[in-house]
Ligand SMILES: [Zn+2]
C-alpha cells in the first residue's frame, strides 16, 4: 500500500501509524500491535478499553501505551530476558467484562 496523500499525522521517518480499521493514530508500530487483540480473528480495542489499560494520547494526538512505572524493566531488555517463557498469548487475558459499569 502506498501513501497517495501525505498524512501530516504520519511524518516520514517516524514509527507512527494509523489503523485503517478503526482510524486511530498510534505513536508507534508497537502501540499499533498492542491495540489489536484476539486470535484468530483480530479486532481493535475500543477507546474505552485503551483508557482502562492506561493508554493516552500524546501532544500530537497519537495513542501511546501505558507509561511504565519508573524503575521497571524496559521493554527491550525484559523481552530479551523473558522471551523464553513469554509466548505472547497473554493478550486475551484482560477481563473485558469490566469495561462497563463506570457511569457517573
Ligand atoms: Zn484499530
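In table form, for the structure just shown:
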read-out	value
By average C-beta atoms within 10 angstrom, highest first, the peptides 5-18, 35-48	35-48, 5-18
Ellipsoid equivalent to the range 1-69 - semi-axes via the Cα gyration tensor, in Å	20, 16, 10
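Every number in this text was worked out from the coordinates using simple rules, so none of it is lab data. Small disclaimer: the values here were computed from a predicted structure and weren't measured. For neighbour counting, all protein chains shown are included, and Cβ atoms are generated from backbone atoms with ideal geometry for every residue, glycine included.
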